[in-house]
Structures are given as structure tokens and as C-alpha cells.
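Enquirer: Sharing a structure here in C-alpha cells format.
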There are 2 protein chains.
Amino acid sequence: MGPGCSAGFALETHPHAYRHWRFHVEPPLATLTLAVDEDSPFVPGYKLKLNSYDLGVDIELADAVARLRFEHPDVRAVIVTGGLDRVFCAGANIRMLAASAHGFKVNFCKYTNETRLAMEDASAHSGQHYIAACNGTTAGGGYELALACEEIYLVDDGNSSVSLPEVPLLGVLPGTGGLTRVVDKRKVRRDLADVFATLAEGVKGKRAVEWGLVDGLLPRSRFQEAVRERALAAAARETRPKGPGIQLEALAPEVTAGAVRYRHVALDLNHAGRTADLTVEAGPGYAPLRAFREIDDALLRLRFHYPEIGLVMLKTRGDLDMVRQADEALYDNRQDWLAHETLLLMARTLRRLDLTARSLFAAVEEGSCFAGSLLELALAADRTYMLRDAAGAVRLAASPLNGGCLPMTHGLSRLQARFLADPARAAAVAAARQPFDTEAALAAGLVTAAADEIDLEDELRVAVEERVSLSPDALTGMEANLRFAGAENSDSKIFGRLSAWQNWIFSRPNATGERGALTLYGKPERPQFNWPRT
Amino acid sequence: MGPGCSAGFALETHPHAYRHWRFHVEPPLATLTLAVDEDSPFVPGYKLKLNSYDLGVDIELADAVARLRFEHPDVRAVIVTGGLDRVFCAGANIRMLAASAHGFKVNFCKYTNETRLAMEDASAHSGQHYIAACNGTTAGGGYELALACEEIYLVDDGNSSVSLPEVPLLGVLPGTGGLTRVVDKRKVRRDLADVFATLAEGVKGKRAVEWGLVDGLLPRSRFQEAVRERALAAAARETRPKGPGIQLEALAPEVTAGAVRYRHVALDLNHAGRTADLTVEAGPGYAPLRAFREIDDALLRLRFHYPEIGLVMLKTRGDLDMVRQADEALYDNRQDWLAHETLLLMARTLRRLDLTARSLFAAVEEGSCFAGSLLELALAADRTYMLRDAAGAVRLAASPLNGGCLPMTHGLSRLQARFLADPARAAAVAAARQPFDTEAALAAGLVTAAADEIDLEDELRVAVEERVSLSPDALTGMEANLRFAGAENSDSKIFGRLSAWQNWIFSRPNATGERGALTLYGKPERPQFNWPRT
């Protein structure tokens, strides 16, 4: 057991409750200052020294990034800096990592990766440019945090360096996107990246600039001022009108032993069967922004609090046409900042779903409303089962949002990834304005199987029982391969290539065994490696 | 310990010595018939039942694929079929896998993957089209073998199926490209692929055709004849003149405790230091085809026989101009079948180098000849160190082969991957007709560091000692990420995404623990899984 096994913590927070970040808004700039309270670890057992982070620190960062988009749309550049003297950030807390169970480590890294991608998404698509102001030591996950920013400036004090000391000091990878972003995003020459990633002390000064590890050195004497100038220059590139902001209200789900309930969403847990139903209800007052924020929160709770749930049945209830109309309104207003931000949030939530290491089945039943953005839930599922009703009342429907507004991590729409063999079919489904009844959905390739009521219940029961009886590790690996057909990009390489290698390394004695490097970090003993290369 | 730890077996063979494959050539067709001798396992301890394979079987297949290209260029289509009644191939032998050490499993899978890619390379580039004639049970690695063929035909006997039962029966992945080829190469819809890869009994008949798992069903009564028609049709598409073939002579290296020596290549082992020198000597009589075959064999010996060697120093000795001239002759004659095949072989060898899980440094010293195709060795290295000599006699040189004739697994040239940030530089280096002395090589970004003789020796010694002191697992993960900057394709996803997940799964108790599914396969006990999803 390790951190994260404590039951039921909330994944949402608010700037008023931050312990580790200072949240300062002064449009067009905002500044996120990391000043970790070392005595407030997320679970007891370690001190958060040197601005090192744990899940609690990253939950605050994710919250800040989200609030800046919705509550402060007049912010055009965001400075990320360190609030401790001569320390930007020392990365993930090693004692926390060493004490954590394998599953928590993997989940923690996935979450921090998603937060970094949300920052890049904001720089690329929300007109909020992230600038890393590395005021001192920028090590490991600290440099990975900087790498997620659009520009990186390092203080020129003759001492401060950027570094990725994971390989030489800990025997693990810079797995929060570090290796990928160095060579794929910043396009650092691979041999220089090799030297850099094996040099515990890192690289400083002009060399860091020459190698492309940072975008500039700024003098200590006027560091803040010089960073501010860069940030204002980035902000000045954004001229689209935005605002005023809206408040992201608390989700505050009702949590019981058997369920997590939100306004539009419910996660119903069948602990004995190791399954859960994730149901989205699009009734009167349905608001996509709220609904997708709730889905997002439910997915995080599922990941952190209910690791034994092996399968999630995705369900919807409500009015197909209403969902479609809500989608169309978003699509028609997509030039408007708020509709645009809502679409970006929906896309991030769906990507979080794709990356959730649980089997996903969708059940299309009577009264369901898998239309457009909610159809994406079914398209994200590993399999979709649809009721064949005599009346033809059970239907799926596309909306303009299925045409590419909600891309997967690797850049394809879910329809494109589904119909790789027939791209025209992806386009035809996205353009369809008529709903698909069961026969039409089968013919179009949108569902895996269909049956009438009695047979469907039986078929689903058998399929679910079989699924949750299989090796959870094999399923995770299988799903990670089948879900992302087609190309890869830098983002998907982080989850597909980098994370998979990191997971392997986390499970190897050379890192996490009794004499492994991660286990022994900070202790007097030297790690003992088993030398054969694999 | 497991298979593969037996010392010093050869990686080369000859059709006369095959125990498991029948090699029949009748231009324009060839037929490779798998008829595994179950009593001839590669190492004692298991029976190769039901045409299951081990390393010995795959070494023969790799040899057959190579010989067909060079010795039988008049072959235009290759039928791969099973020689046992109602059995095509049951995949990798499970008892062998279960008894193997982790490192051997990983190496075995890498080798079989490379053999499958060599078949695809022959279909795509050598005008030898591989046709799988699945005459019966086609399971697991057996179906993965079929997937590596351009066309797959299944016997229509009401019983024979194709299947990937690894996830449901063994708790591991179809890791020899299976998952990737199903959705990326054959573009099977992901939900159907999900059903298929969890269905132990597989899919047969019309459903296999409808789902895109096979290209056709052929009646049992005239199966061979119908396959032959398809193969002749594929052969008829190839009209380029080729031949006559050349003999691939035996490499037969001289192996001692401290070295493996070939005609042009030597692998000198420093067991105590856990390093090796891989030296290519381009002296009089230098023949690129022979030299690259030797490099390939040396790499395989390194992988299987010397797992504790952590770092390989890549060296060359000889005449820079002569290497360049040999390259130019190949390039100028690249329309000729033999030059074309030689280039393809050189490219495959260099890809084997990129995928070798050892740290690779290159040392550019006096008398070295890193030109063109041999420059690729330095470009494949994680770092390159170059001597700065007073006379300017130490030089590197490009040749036309650096311009894209020898692509990496992910499709880029090594220069393109190196200079992702500046594609024009990759083109400029490839086009350069003047050699690069040390200063020019540094300026062009071709080497990592340069120093004069005394300093270089010192710098190299320190760098090597540091490198081999680091966690071997972390280095493998780091190198697998830094070496493949830029895009991914289906081939590179097999090694980057699929293999990395498989390695993780192989190291998990749910597969290989005492009660893991792989361990218990074929035994009366049921596996016991640790349920949390990760």
C-alpha cells in the first residue's frame, strides 16, 4: 500500500484552498508560483523538500490550469515559477515514489502527464501561453514541468541548471514526458539528449541554450522583470476577444459505498463483480460543460479509489435530440471563447477516458442518448452492445462534433481510428443527420453486437464476466494497443512508448527491489544492479 | 536461467541443416512448409508440439527468408504453410516461454519480430510476395506469422480458425506484432479486434473474412491448388528482371573467450569492464554485403550470448574513400536487383543495431573510415567521440547512402532523426561530397565531443565507466525513447509500444509469478490474479 490508497480523497480543489501554489492573476498575465509547504504532504510519511511535488501539489496545478481558462479568459500568458530561494522545482518527491505501490506510481505519472498536456493544450489552443521561469534548481519532474511550457527561461546565476537525473540517480526514466519532449518537442539532438539525461548535475548556462534545453538565460538581477517582458510579448500575440469569465462551480459529488453521484453523472459500483456503470443523464437542464467535468472527476476517482473495478459499462439516459442540439450550439459557436473552451475540455475528458486502464463497454439501451459528444463515449469503448427493439426506438446519432472536434491523444477522431480501413466511412457517419437505429448502426459499423432484450442481457452478462476474469495486466496492455490504431504523435508517444517503458522499469528489481536505485535513494547504501541488459 | 543461456550457439544455418522447415523452390514460387520436429527443441526440456516454435525454428525461417532474396531472386511469391495435418502453426512454445528467463523472453520476441519484419520487407521491396496458406489451426504466434504475410488464406473446413489466445489463456500479449498488425496493418475495426483478441477459440469461416482477419477462405478439397493460383497471381505482378542468384556463404566466425572474429568484423569482449568493441575493417577486398552480414551476426551473438556487456564501442578501420566508392557503386546500381538487395540488407542490419538494447558509443580515431554506410554506425550510436588530430587526418564522410537509402524502423533516415530541428541540415550533410575533419564534424553536429589524443582517451574512459555503472533497465528505456525521435509507424509501434507493454507484462506476477497464467499454462491449477488494474 502507498499514498493514494487512502480512501476517497477529492480530486477537486480551489485557489482558496491551495497549500503549495500561489495563484496570482493580473491580466493579461497570471503567475503560478510553486512554494511547496514541505509539511503538507498528500499523505503522511515524507517531507516535500526543495519544491518537490506529490499528487496534492499536482491536483492544485491541474485546478489552476483549468480555472485560468474558464475564470480568467483575459489572461494571455501564464508564468510558472518557483517561490523558494534558488529553487524552481526538484520534481516528484522520491520518498513518496519509493513508498508507493506500483499501481499508484503508474496512476500518479499518468495524472501528472495529463496535467502537463493540459498546459500544452492551453498554450496551443486557448491562447494562454505558458512560460517557465526557472529561478533556480530545475531537476527531474521540475524540468519536465518546464518542458510542458512553451518557453523556458533559466536564471543566469552561474549555478542553476536544468537536469533529468532520473536515470543516473534513481534508475528510472524521466517519465512525465521528459525524454519525449526533449527529443520530439524541443528536438534536441539525440546524442546531446543522451549526455544530458545521464548527467546527474544537469546542464547550465550557455550550453543549456546551445543544446536547446532552454530558450534563454536571464540575469538574476532582473529575472522577474525580464520574464515579464517575455510573457507580455507572448500575450501580445493573442488578440481574439474573450471573456468575461465564468465560475467553475464545485462538483462535490455525493459519495457512498456503492456510488459516486453528480448532477448529470453517476458512477455505480458493483464491488463484488468488479464492474461499474458510468451513466450520463441528459435530462432537462443538461449542460455539457458540467457533465464532462463530472465525467472527468468520476474517471479520476475510479482510477485512484477503485483500482479493483476492471470494467466500466458506459451508459446514457435522456433525449437524443437534446444532446444533438446542445452539440450543434457548441459547434455553431465554436469561434466564441466559451464554446471553444468547452469543446477543449470535452476533448480532454474523452482523452482521459481513452487512457483509463479499465475495460470499457458501452450499452445502448432503451432511453439512451448516445448522440454526438456522448456517442464519443461509445466510440471510446472497447466494445458497444446495442438493444434491438421492435419499435426501432433505440438509436444512436452523430453530431458535427464527431467530425474531428474531439480528437484522441494521437490526433485522429475516434471515427477515423475506428474506420482506418475506410476513411470515407468516418466522414459519412460524422456527416449523417439521421439517427441510426439498431440495424443501421450495425451496418455502419458503429456497434459490436446487437440483440433483443433477453438475449442482450445474457450476452452482456457473459461478456462482462469473461472480461473481468482475464489478467488485468494483459488487458491493460491489449487495450493500450488496440485503442490507438493509426499514427502516433509526441503526445501519444508519451503514453504509449515512454510510459510503457517506465512501467516496466518501475516493476524491475534494479529500480524498486530491496537494493534498487529508487528504493535506496537518499540512503547510505549503494544500489546493486543485476547487470544483464534486456 | 532458460534457453538462450546455453553458450555460443550459432545464429546461422543452411537449408541442408533445417529440422523444422521444408524449403522448396520452383520459380516463380517457393514454398516454406513448417513441419516442426517436436523432438528437436532448441534446448532440452520441452516438446515442440503442434508446430509450435522456438528460437531454433525461427533461426531457420530467418535464414530461408534471406536466402530466397539472394540465392533465388527468380522467386516472386513465397507460400508459407503448415506441414502437419490440420495445423498451420500454434505459435511460440509456451513451455519454452514459461521456462525462460525474462531477458531471454524479451530477446526471443525481438528476434522473431525482426524476422517477421524481414518478410514484410521482402514483400514490399524485394518483389517476393509472402502468402500465408493456413491449412489448419493458426493460433497465437502462428497467426502473427500469417499477419506478416501480404495475403492470408484460411482453409474452409468448418473447423480451422485464426486466433490470438494470449490474453485469455496466457495473460500476456500477442507481442510478435499481433495486436499492432491487426489494427494498424490490416485495419481491423478496434472493437472487433478486441473481441477477437479475447476469444481463446478464435474466429473462423466467413466471419474471419468479414472482420478482415484473413483475405479469403479456400476449399479444403483444392486448398493447395487455390493457394498456388493466388501465389502465381502475386508473382505475375513482378516483372523486374532479376538474377542469377548468388550464394550466401557461411560466416563461420572464430569464437574465443575474448572475441568473435569474422572476415571484416570483430567483436572484442571486455568481460570485466562489461564493454565490447565492434570493429568493421574496410581493407582490401572489402565487401559491404559480407561486412553487414557479419555485423548482423555479431549483434545477434551479442544479444543472446553476452547479456552482461552493457556498452558497445563502434569502431572502423580502413580507407574512407574506398568505403565511399563502394557506397557509390551500390547507389549507382540501385536499380540492379543485387545492389538493391544489398542495400535492403544493410538497412535491416542497421535497424537491428538501433534496436539493440545496449549503449552504443562510436569512437572516431586515426585510421577510421566512418563514411556513408559506415557513418550510419556512428549516427546509430548514442554518442560519438572524435579525435582532434593536428594533421586533420581523422575524418568522417557522407555518401549518397546517407540520404534515405538506409531508413530507421520509424521511416526516417538517421540524419533526419538527428536533425529534427533542422531538416535542411540533414539534407546538406547527406549531399556533402567533402569529408568532415574534426572541426567540421563538430560544426555540422555529427559528433558529440572531440578532444586531442590524451584527453580523448581520458574522456572516453570516464564516459564508458560512468555509463556501465548505471541501471541497465533505465538505460534500455532511455535509449528506446531517445533513439526514435520523430514520427512512429506500424513497425516502430511494434517495438516501442507493443513490446514495451509486453516486457512489463512479462515481469508481472499475473503472468510469470508462481500462480501466473503463463507459469500455470497446461497445468491443472487455475491462475490467481491480483485484480487491481494498473
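Quick note: the coordinates plus some simple rules give every number you see, no bench work behind them. All figures in this text were calculated on a predicted structure; none of them were measured in a lab. FYI the Cβ positions are ideal-geometry reconstructions off the backbone, even for glycines, and counts take in every protein chain you see.
Enquirer: Counting only other chains, and only Cβ atoms inside 10 Å, what mean value do you get across the residues of A:492-500? Before the final figure, lay out each step's value.
Expert: Working: counts 3, 10, 1, 1, 7, 13, 6, 4, 12.
That works out to 6 on average.
Enquirer: Still on this structure, I have one more. If the label point is 7 Å along Cα→Cβ of B:Arg334, which residues in region B:412-449 have backbone nitrogen under 17 Å from it?
Expert: B:412-417, B:426-433
Enquirer: So how far, in whole Å, is the C-alpha centre of region B:157-172 from the one of region A:313-346?
Expert: One Cα centre to the other: 41 Å.
Enquirer: Please report, for B:Ala444, the nm distances (one decimal) from its label point, 7 Å out from Cα along the beta-carbon direction, to the equivalent points in the remaining copies, shortest first.
Expert: Distances between equivalent label points, in nm: 5.6.
Enquirer: Tell me, what HN-Hα J-couplings in whole Hz come from the Karplus equation 6.51 cos²θ - 1.76 cosθ + 1.60 at θ = phi - 60° for each residue of region B:39-51, using x for Gly and Pro?
Expert: 8, 10, x, 5, 10, x, x, 7, 9, 8, 6, 6, 6
Enquirer: Over the C-alpha atoms of region A:13-126, what are the Rg and the largest Cα-to-Cα span, Dmax, in Å?
Expert: 14.2, 42
Enquirer: What distance in nm lies between label points placed 7 Å from Cα along the C-beta direction at B:Asp268 and B:His14?
Expert: Each label point is offset 7 Å from its Cα along the Cβ direction, giving 3.1 nm.
Enquirer: Let me ask something additional. Local charge sum around B:Glu12 (other residues, Cβ-Cβ under 12 Å, Lys/Arg +1, Asp/Glu -1)? Please list the in-between numbers first.
Expert: Working: positive: B:Arg67, B:Arg293, B:Arg301; negative: B:Glu60, B:Asp63, B:Glu249, B:Glu294, B:Asp296, B:Asp297.
Every neighbour counted, the sum reads -3.
Enquirer: Right, here's the next one. Taking the Cα of B:Lys47, stepping 7 Å toward and past its beta carbon, and measuring to each backbone N in region B:514-529: which are under 19 Å?
Expert: B:521-524
Enquirer: Could you tell me whether region B:244-290 comes out rounded, prolate or oblate from its Cα gyration tensor? Rule is a ≥ b ≥ c as square roots of the eigenvalues, rounded for a/c under 1.5, then prolate if a/b exceeds b/c, otherwise oblate.
Expert: Values: a/c = 3.36, a/b = 2.07, b/c = 1.62.
Prolate is the answer for region B:244-290, as a/c is 1.5 or above and a/b outweighs b/c.
Enquirer: Once a ≥ b ≥ c are taken as the square roots of the eigenvalues of the Cα gyration tensor of region B:1-71, is the result rounded (a/c under 1.5), prolate (a/b larger than b/c) or oblate (a/b not larger than b/c)? Write out the running numbers ahead of the final one.
Expert: Numbers: a/c = 3.10, a/b = 1.64, b/c = 1.89.
Oblate, because a/c is 1.5 or more while a/b does not exceed b/c.
Enquirer: If amide hydrogens are placed 1.01 Å from N in the peptide plane, which non-local residues have theirs closer than 5 Å to the one on A:Val43?
Expert: When sequence neighbours closer than 5 places are left aside, there are no close amide H contacts.
Enquirer: Mind listing the Cα extents of region A:351-471 along all three principal axes, in Å, largest one first?
Expert: 39, 36, 25
Enquirer: If you don't mind, there's one more thing I want to ask. Chain B: percent of C-alpha pairs farther apart than 47 Å?
Expert: Working: 16465 of 142311 pairs.
More than 47 Å apart: 12 percent of the Cα pairs in chain B.
Enquirer: As I understand it, the value is the acute angle between the Cα axis of helix B:320-332 and the longest principal axis of the Cα atoms of chain B; what does it come to in degrees, rounded to 10?
Expert: 40 degrees
Enquirer: A further question on this structure: Could you list the residues of region A:124-164 with an amide nitrogen less than 19 Å from a label point located 7 Å from the Cα of A:Arg220 in the Cα-to-C-beta direction?
Expert: Counting backbone N atoms under 19 Å from the label point, the list is A:133-139, A:153-163.
Enquirer: Give the long-range amide H neighbours of B:Ile246: residues separated by 5 or more places, or on another chain, with amide H under 5 Å away, using H modelled in the peptide plane at 1.01 Å from N.
Expert: B:Glu71
Enquirer: Oh, and also: For the residue pair B:Arg317 and A:Arg317, what label-to-label distance in nm results when each label sits 7 Å from Cα along the Cα-to-beta-carbon direction?
Expert: Once both label points are built, they end up 8.0 nm from each other.
Enquirer: Can you give me the convex hull volume of the Cα atoms of region B:295-414, divided per residue and expressed in Å³?
Expert: Working: hull volume 12.5 nm³, N = 120.
Spread over its residues, the Cα hull of region B:295-414 gives 104 Å³ apiece.
Enquirer: Which length gain, in nm to one decimal place, applies between A:Ala393 and A:His102 when the Cα-Cα distance is subtracted from 0.36 nm times their residue separation?
Expert: Values: separation 291, 0.36 × 291 = 104.76 nm, distance 4.60 nm.
That pair, A:Ala393 and A:His102, stretches by 100.2 nm at full extension.
Enquirer: Further question on the same structure: Taking θ as phi - 60°, what are the ³J(HN,Hα) couplings along region A:370-382 by the Karplus curve (6.51, -1.76, 1.60), each to the nearest whole Hz, with x for Gly and Pro?
Expert: Working through the residues one at a time gives 6, 10, x, 4, 7, 4, 4, 4, 5, 6, 7, 6, 5 Hz.
Enquirer: Additional query: Roughly how many nanometres apart are two label points built 7 Å out from the Cα toward the Cβ at B:Gln434 and A:Glu201?
Expert: The answer from the label model is 3.7 nm.
Enquirer: Something else about it: Summarise the long-distance tail of P(r) for region A:187-243 by giving the % of C-alpha pairs beyond 19 Å.
Expert: Values: 791 of 1596 pairs.
Summing the P(r) of region A:187-243 above 19 Å gives 50 percent of all pairs.
Enquirer: Next question. Output ³J(HN,Hα) for region A:275-289: one whole-Hz value per residue in order, computed from phi by the Karplus curve 6.51 cos²θ - 1.76 cosθ + 1.60 with θ = phi - 60°, and x for Gly and Pro.
Expert: 10, 9, 9, 10, 10, 10, 10, 9, x, x, x, 4, 10, x, 4
Enquirer: Order B:326-333, B:371-378 from most to least packed using the mean count of other Cβ atoms within 10 Å.
Expert: Details: B:326-333: 17.8, B:371-378: 28.0.
Taking the mean over residues of other Cβ atoms within 10 Å, the ranking is B:371-378, B:326-333.
Enquirer: Here's a follow-up. Need the full-extension length gain, B:Ala35 to B:Arg526, defined as separation in residues times 0.36 nm minus the C-alpha distance. One decimal, nm.
Expert: Taking 0.36 nm per residue and subtracting the Cα distance, the gain is 173.6 nm.
Enquirer: Can you list the residues, at least 5 places off or on another chain, whose amide H is less than 5 Å from the amide H of A:Ala362, using H built in the peptide plane?
Expert: A:Leu314, A:Arg383, A:Thr384, A:Tyr385
Enquirer: If Rh is defined by the Kirkwood formula over all Cα pairs and Rg also comes from Cα, what ratio Rg/Rh do you get for the protein assembly as shown?
Expert: On the way: Rg = 29.0 Å, Rh = 30.2 Å.
Using Cα coordinates only, the ratio equals 0.96.
Enquirer: Still on this structure, I have one more. Would you mind classifying region A:488-534 by shape? Square roots of the alpha carbon gyration tensor eigenvalues, ordered a ≥ b ≥ c; an a/c under 1.5 is rounded, otherwise it is prolate if a/b is larger than b/c and oblate if not. List each step's numbers first, then the result.
Expert: Values: a/c = 3.70, a/b = 2.28, b/c = 1.62.
Prolate, since a/c reaches 1.5 and a/b exceeds b/c.
Enquirer: Another question about this same structure. Report the local net charge at A:Leu84: Lys and Arg +1, Asp and Glu -1, summed over other residues whose C-beta lies under 13 Å from its C-beta. Each step should come with its number before you reach the end.
Expert: On the way: positive: A:Arg22, A:Lys49, A:Arg86; negative: A:Asp37, A:Glu38, A:Asp85.
Result for the local shell: 0.
Enquirer: Measure nothing fancy, just the Cα-based angle from helix A:337-354's long axis to the longest principal axis of chain A, in degrees from 0 to 90, nearest 10.
Expert: Long axis of A:337-354 versus the principal axis of chain A: about 90 degrees.
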